[in-house]
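Asker: Once you've had a glance at the structure underneath, I'll fire off some questions.
The values are calculated or read from the model by the stated rules, or taken from the named source; none is laboratory data. Treat the numbers as computed from the prediction; the structure is a model and nothing was measured. Reconstructed Cβ throughout: ideal geometry from the backbone, glycine too, with neighbour counts over all protein chains shown.
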Amino acid sequence: MKSAKTGIIIALAVAVLAVGGWYIGRQGAKPAAAPAVVEQPAPAAGKNLLRATYDPIHFRPAIETATDEQCLACHREVLDDKVRETSPAGVKASNSKAWYQQLSTYTGEQDTFHRRHLVTGMAKELMNLSCNTCHQGSDPRDEAQGTSATGTPQTDNGFTLRKTVNTETTCLKCHAPMNAAVMGLPGPWPESKEMFGDSCLTCHAAIRTNRHQVTYLKAEAIEAAGQKNADVCYGCHGGRSWYRIEYPYPRHPWEGMAPEVPDWAKNRPVASEARFALPTSGNQPKQ
Ligand code: HEC
Ligand code: HEC
Ligand code: HEC
Ligand code: HEC
Ligand code: HEC
């Protein structure tokens, strides 16, 4: 009796081991469901979806120094995808221009959001955006900070609830309305531009001249293009505004600036965000 019982137990144990071995063999050496394995080396693209989703490159600090090539190794579709030429209902994309596509600077075919900021004509001429200019994190767990002990902490506002970027610190820089009141303009730019010869430089050749010294903009190209067409300047400073709030631009000192600070500017920074400082610009913020 005793040995028969032992025999059954041994047989069961062998069966469990065999099934377990088969299971582990199918799953690879480690169980697959182990999220947030931050200290693992980055897996090659396409090998394991879960590991790629939780790749440390999506989190700080790795995302801060990631190159576009690293991101594009897995996310090529971001630049490869194109919009349909014709909608399923038969409307041609070329016939349906939106209000923000009416400025004189708008050229080329309809294109995706990512391509319009990274690879199309104007983007390349005036800007130098990278993936991590906008994307400062992506926590796939629930895309909200501070909701679990292992999640991204609440203090990290590089991306905000259910958005993969913080729009107020990125988009708003180039898509806020024009602050006509601060400039002493009698009305919105489209109504008052004739009065100033349709050029921002009528005033800005001498006011706030220390501008665009940041890694993601091509300052010289912007000045050259703005001299030929004020819509270049207006485009980023009101002409394509998605928001009704203004962006609090840093107020860099300029030559001939009055020493007293106007009330509206009392809380303004006097230098660009540190993470965009040019190595040679000499206007890194004092810390
Ligand atoms: C090893 C491959 C890999 C690399 C490298 C990588 N990603 Fe990802 N990423 C993924 C996968 C896989 C997902 C999850 C996709 C899904 O759930 O459909 C993801 C998700 C995302 C998401 C969220 C997408 C959504 O629809 O919610 C963003 C944003 C993102 N990645 C941006 C980046 C950026 C920016 C970089 C570079 C700093 C980067 N990724 C590098 C594989 C990668
Ligand atoms: C101008 C800012 C900006 C830049 C630059 C940018 N992105 Fe995005 N990206 C966004 C926004 C905004 C979304 C949509 C976010 C949302 O829906 O919450 C997005 C969405 C995504 C997604 C989700 C899937 C999709 O296509 O909608 C991925 C993946 C992604 N970006 C990767 C990248 C990579 C890789 C780069 C660099 C080659 C890049 N992004 C550059 C702002 C940017
Ligand atoms: C550094 C300046 C800059 C930043 C930051 C920026 N944009 Fe733009 N955006 C532009 C410029 C310039 C254009 C016009 C491109 C063109 O006409 O070719 C544009 C165009 C657009 C368009 C229209 C694209 C089209 O197909 O016509 C959308 C939508 C848009 N931006 C949304 C956003 C969002 C959302 C963000 C933040 C995630 C953002 N932008 C951040 C400069 C910027
Ligand atoms: C009538 C002269 C005048 C014209 C024309 C003018 N500006 Fe200004 N602008 C000003 C003054 C004055 C200030 C505030 C200077 C200061 O900081 O004390 C200013 C400030 C700005 C700022 C910073 C706003 C802030 O909140 O810090 C931007 C951006 C700007 N102008 C862009 C433009 C653009 C783009 C155009 C053309 C579409 C333009 N301006 C046309 C006079 C002008
Ligand atoms: C591609 C988008 C883009 C274009 C085009 C553009 N700007 Fe700007 N501008 C910005 C951004 C972004 C900032 C804030 C940069 C920073 O944080 O220092 C800025 C800042 C400024 C400021 C504030 C300067 C300060 O004190 O730091 C002024 C004034 C200004 N721009 C005027 C202009 C004028 C005039 C033109 C045309 C010659 C122009 N901009 C074209 C995006 C643009």
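Asker: Can you find even one residue in the stretch 84-101 that is over 20 Å from Trp242 (Cα atoms) and within 16 Å of ligand 2 (Cβ to nearest atom)? Before you say what the answer is, go through the steps one by one.
Answerer: If we filter the stretch 84-101 for residues that are over 20 Å from Trp242 (Cα atoms), which is where we start, we get 84-95.
Now drop any that are not within 16 Å of ligand 2 (Cβ to nearest atom), which leaves 84.
Yes, the stretch 84-101 contains a residue that is over 20 Å from Trp242 (Cα atoms) and within 16 Å of ligand 2 (Cβ to nearest atom).
Asker: Under the condition of being in contact with a Ser or Thr (Cβ under 8 Å, 6 or more places away or on another chain) and assigned to a loop (DSSP other than H, G, I, E, B), which residue from the stretch 50-86 is nearest to ligand 3 (Cβ to nearest atom)?
Answerer: Across the stretch 50-86, the extreme among qualifying residues is Val83.
Asker: Is the stretch 191-200 home to any residue that is within 12 Å of ligand 5 (Cβ to nearest atom), surrounded by 14 or more Cβ atoms within 10 Å (Cβ to Cβ) and closer than 20 Å to Glu125 by Cβ? Please lay out each step first, then the result.
Answerer: Just the residues of the stretch 191-200 that are within 12 Å of ligand 5 (Cβ to nearest atom), to begin with: 196, 199-200.
Filter again for surrounded by 14 or more Cβ atoms within 10 Å (Cβ to Cβ), leaving 196, 199-200.
When the remaining residues are screened for being closer than 20 Å to Glu125 by Cβ, the result is 199-200.
Yes; the residues of the stretch 191-200 include at least one that is within 12 Å of ligand 5 (Cβ to nearest atom), surrounded by 14 or more Cβ atoms within 10 Å (Cβ to Cβ) and closer than 20 Å to Glu125 by Cβ.
Asker: Please enumerate the residues belonging to the stretch 126-152 that are modelled with pLDDT of 85 or more and acidic (Asp, Glu).
Answerer: Asp139 - this is the single residue of the stretch 126-152 that is modelled with pLDDT of 85 or more and acidic (Asp, Glu).
Asker: Across the stretch 106-135, what is the total count of residues that are part of a helix (DSSP H, G or I), within 15 Å of ligand 1 (Cβ to nearest atom) and under 24 Å from Gln213 (Cα atoms)?
Answerer: Within the stretch 106-135, the subset part of a helix (DSSP H, G or I) is 113-118, 121-126, 131-134.
Of the ones still in play, those that are also within 15 Å of ligand 1 (Cβ to nearest atom) are 113-114, 117-118, 131-134.
Applying the additional criterion that residues be under 24 Å from Gln213 (Cα atoms) yields 114, 117-118, 131-134.
Adding up the residues that qualify gives 7.
Asker: State whether the residues of the stretch 216-231 include one that is at pLDDT 95 or above, within 16 Å of ligand 1 (Cβ to nearest atom) and either under 23 Å from Arg116 (Cβ atoms) or touching a His at 6+ places or on another chain (Cβ under 7 Å) (or both). Steps first, answer last, please.
Answerer: Kept after step one, since they are at pLDDT 95 or above, are these residues of the stretch 216-231: 216-231.
When the remaining residues are screened for being within 16 Å of ligand 1 (Cβ to nearest atom), the result is 216.
Restricting the remaining residues to those that are either under 23 Å from Arg116 (Cβ atoms) or touching a His at 6+ places or on another chain (Cβ under 7 Å) (or both) gives 216.
Looking through the stretch 216-231, at least one residue is at pLDDT 95 or above, within 16 Å of ligand 1 (Cβ to nearest atom) and either under 23 Å from Arg116 (Cβ atoms) or touching a His at 6+ places or on another chain (Cβ under 7 Å) (or both).
Asker: For Tyr100, only one of the following conditions fails: (1) more than 16 Å from ligand 4 (Cβ to nearest atom); (2) modelled with pLDDT under 95; (3) surrounded by 11 or more Cβ atoms within 10 Å (Cβ to Cβ). What is its number?
Answerer: Condition not satisfied by Tyr100: (1).
Asker: Can I ask one more? Suppose we filter Thr150, Thr120 for residues that are of a type outside the set (D, E, K, R), more than 30 Å from Ala93 (Cβ to Cβ) and more than 16 Å from ligand 4 (Cβ to nearest atom); which single one remains?
Answerer: Thr150
Asker: Can you tell me which residue within the stretch 145-181, out of those that are out of contact with any Ser or Thr (no Cβ under 8 Å at 6 or more places or on another chain), among the aliphatic types (A, V, I, L, M) and more than 25 Å from His117 (Cβ to Cβ), is surrounded by the most Cβ atoms within 10 Å (Cβ to Cβ)?
Answerer: Filtering first and then ranking leaves Ala181.
Asker: Could you say which residue among Pro269, Pro279 is part of a loop (DSSP other than H, G, I, E, B), more than 16 Å from Cys174 (Cβ to Cβ) and touching a residue at least 12 places away in the same chain (Cβ under 8 Å)? Outline the logic, then answer.
Answerer: Details: Pro279 fails: touching a residue at least 12 places away in the same chain (Cβ under 8 Å).
Only one candidate passes the filter, namely Pro269.
Asker: All but one of (1) farther than 26 Å from Glu273 by Cβ; (2) surrounded by 15 or more Cβ atoms within 10 Å (Cβ to Cβ); (3) within 16 Å of ligand 1 (Cβ to nearest atom) hold for Asp142; state the number of the condition that does not hold.
Answerer: Among (1) farther than 26 Å from Glu273 by Cβ; (2) surrounded by 15 or more Cβ atoms within 10 Å (Cβ to Cβ); (3) within 16 Å of ligand 1 (Cβ to nearest atom), Asp142 violates only (2).
Asker: Restricting the search to the stretch 138-152, which residues are closer than 25 Å to His75 by Cα and without any contact (Cβ under 8 Å) to a residue 12 or more places away in the chain?
Answerer: Once the filter is applied, which keeps residues that are closer than 25 Å to His75 by Cα and without any contact (Cβ under 8 Å) to a residue 12 or more places away in the chain, the stretch 138-152 yields only Asp142.
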